[in-house]
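In what follows, a structure is listed as structure tokens, so that the remarks can point back to it.
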Amino acid sequence: MARTVHAQPKFHIATPEQIKGGHVTDAYFVRSKQILDRKKIDKNVKLEITLKKRFPEGWEWGIFAGLDEALELLKDFPLDVWALPEGAYFKVNEPVMLVAGNYREFSVYETALLGFLCQASGVATKAARCKTAAQGRPVWAFGARRMHPAIAPMIDRAAYIGGCDGVSCIAGAELLGEEPVGTIPHALIIVLEESATATGFFDQIIDKKVQRVALIDTFGDEKFEALENAELLGENIYAVRLDTPSSRRGDMLEIAREVRWELDIRGYENVKIFISGGLDEDVIPQLNEVADEYGVGTAISNARVCDFSMDIVEIENDGTWELIAKRGKPSGAKQLYVCDDCGYRQVVYWQKPLAQCPKCLGRWEPRLIKYLERGKLLKPLPTPSEIRDYVLRQLPDKL
Ligand SMILES: [Zn+2]
């Protein structure tokens, strides 16, 4: 039972009011606003967000996430915003968002806006990579404990829309409208001093809709604990979970193979093998031969960020939009086109749209959609589950 807290706790977090009030910003944006305010300079600009250099860790694509919070930040301000739908697959140099409005009013929000998009897209992309590596097997997000609890729901949401099948943290699951997943920790087995006792109590007390997954590596060997738990729970057992510490692992695949063999020859072919602990998209393919489901923690919740940057690409002078950009950045607002038929992708100047795919001559649609007009949301946003389905439809067959 959670303890009731009466006074406002002093955690080191920004409040929603501070974020919406533009206080989570870099000082240089405040200084530029002071200068524009004093000189009474109002310039409408178009700012474009792209991943300019490269993805982290050699990734070749990303999953765009964090749009819902970005729109929450930007709505009610006199801005027009176009963006890729949340969950869109994207590549380097492809525009993911375009913001048009008065720079003096907008500048202090760049820090928070990029923060929402960079981290959520990093987590969603890592989740998508793990899900792709698992080749259809369920991947559960277990990483809440690795990150500051204030952002656990956001991380769980990004992990889920990126392709994870569910999350372990209650607050994250509530945000998603999904049931949290999880069974019992090693700690309960230690308190009860025996694996079988803990599993038995779990089966006796916990709601029947929670799948019976037995943790089999607390005191004894995985093979013997797997059999003990399977015999104890009989038909109720859904899976055995191997979370073997790295110091004892040796060859995880061999351990899992041995558990599978011993279960199978005793008639427990239906008992699934669930593996967690230190997994990522490089390790998962090595275990696919025998693993049925995965729990992934640190690799997803502590994913490297997608390093988006935001640049002015057009400026309004005397009612006319003029092309402008800093060195190294192509000027002009850009639209992304992707062909549904042949998969061809092209970034084009917004004012020169391409009616059809130049490769297969198929019809294609611009991918950046208008979400905000003068700060007003133009359409309802999809649910996390709908975004996740969209992500899964776009994922490649393998990494
Ligand atoms: Zn095409």
Exercise. Roughly what angle does helix 252-265 make with the longest principal axis of the chain, taking Cα atoms, 0 to 90 degrees, to the nearest 10?
Worked result: 50 degrees
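Hey, which of these cross-link pairs are over 23 Å Cα-Cα: Lys91/Lys376; Lys334/Lys398; Lys75/Lys379? Present the calculation step by step, with values, prior to reporting the outcome.
Values: Lys91/Lys376 29 Å; Lys334/Lys398 30 Å; Lys75/Lys379 12 Å.
Over 23 Å Cα-Cα: Lys91/Lys376; Lys334/Lys398.
Once you keep just the Cα pairs under 8 angstrom separated by 6 or more residues, what percentage relative contact order results for the range 114-163?
Taking the mean separation of contacting Cα pairs over the length of the range 114-163, I get 56 percent.
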Problem set entry | For Ser195, Ser121, Ser32, order by how many other beta-carbon atoms lie within 10 Å, fewest first | Ser32, Ser195, Ser121
For this session: Go through the range 270-282 residue by residue and turn each phi into a ³J(HN,Hα) via Karplus (6.51, -1.76, 1.60, θ = phi - 60°); whole Hz please, and just put x for glycine and proline.
Result: 7, 6, 7, 9, 10, 10, 9, x, x, 8, 7, 5, 7
Problem set entry | Given charges at beta-carbon only (K, R positive; D, E negative), |dipole| of the chain in Debye | 2160 debye
Problem set entry | MRE, 222 nm, helices only [DSSP H, n ≥ 4, -39500 (n - 2.57), over the chain, to nearest 500] | -9500 deg cm²/dmol
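For a Förster distance of 41 Å, can you work out the FRET efficiency between the beta-carbons of Ile205 and Lys379, rounded to the nearest 0.05?
Working: r = 46 Å, r/R0 = 1.11.
Rounded to the nearest 0.05, the efficiency is 0.35.
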Exercise. So how much slack lies between His23 and Glu179, counting 0.36 nm per residue of separation and subtracting their Cα-Cα distance, in nm?
Worked result: 52.7 nm
Exercise. Taking amide hydrogens as modeled 1.01 Å from N in the peptide plane, which residues meet the under 5 Å criterion relative to Lys334, leaving out close sequence neighbours?
Worked result: Trp350
For this session: State the extension gain, in nm to one decimal, for the chain segment bounded by Gln8 and Cys360, taking 0.36 nm per residue of separation less the distance between their alpha-carbons.
Result: 120.7 nm
For this session: List the extent of the Cα atoms of the range 98-173 along each of their three principal axes, largest first, rounded to whole Å.
Result: 48, 26, 16
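Using Cβ counts within 10 Å as a stand-in for footprinting exposure, how do Lys398, Lys46, Lys33 rank, fewest first?
Working: Lys398 8, Lys46 25, Lys33 18.
If I rank by nearby Cβ atoms, fewest first, I get Lys398, Lys33, Lys46.
How would Met147, Met97 line up from fewest to most surrounding beta-carbon atoms within 10 angstrom?
Values: Met147 19, Met97 24.
Ordered by Cβ neighbours within 10 Å, fewest first: Met147, Met97.
Can you tell me, using C-alpha contacts under 8 Å and at least 6 residues apart, the relative contact order of the chain as a whole percent? Can you show the working numbers first?
On the way: 753 pairs, mean separation 91.9, N = 399.
Relative contact order of the chain: 23 percent.
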For this session: Send over the Kirkwood Rh of the range 248-396, from the inverse of the averaged 1/r over different Cα pairs, rounded to one decimal Å.
Result: 21.0 Å
Problem set entry | Degrees between helix 222-233 axis and first principal axis of the chain (Cα, 0 to 90, nearest 10) | 80 degrees
For this session: Could you list, by residue number, the cysteines of the chain that have no other cysteine's beta carbon within less than 4.7 Å of their beta carbon?
Result: Cys118, Cys130, Cys164, Cys169, Cys306
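Order 219-227, 155-163 from most to least packed using the mean count of other Cβ atoms within 10 Å. Don't skip to the answer; put the middle values down first.
Numbers: 219-227: 18.2, 155-163: 30.2.
Peptide ranking by packing, descending: 155-163, 219-227.
Per the Cauchy relation, a quarter of the hull surface: what is the mean projected area of the convex hull of the alpha carbons in the chain, in nm²? If you can, show how the numbers build up before the last one.
On the way: hull surface 96.1 nm².
Mean projected area for the chain: 24.0 nm², to one decimal.
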Exercise. Hey, how much of the P(r) for the range 162-305 falls beyond 21 Å, as a percent of Cα pairs?
Worked result: 44 percent
Exercise. Over the C-alpha atoms of the range 1-83, what are the Rg and the largest Cα-to-Cα span, Dmax, in Å?
Worked result: 18.3, 57
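Can you work out the FRET efficiency for the pair Arg304 and Lys326, with r the C-beta to C-beta distance and R0 = 22 Å, to the nearest 0.05?
Values: r = 25 Å, r/R0 = 1.14.
It comes out at approximately 0.30.
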For this session: Can you tell me the 0 to 90 degree angle between the C-alpha axis of helix 152-161 and the longest principal axis of the chain, rounded to 10?
Result: 90 degrees
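Bear in mind these aren't lab numbers, they're just calculated from the coordinates by the rules spelled out. The model shown is predicted, which means the values in this text are computed figures rather than measured ones. Backbone-built Cβ (ideal geometry, glycine too); neighbour counts: all protein chains shown.
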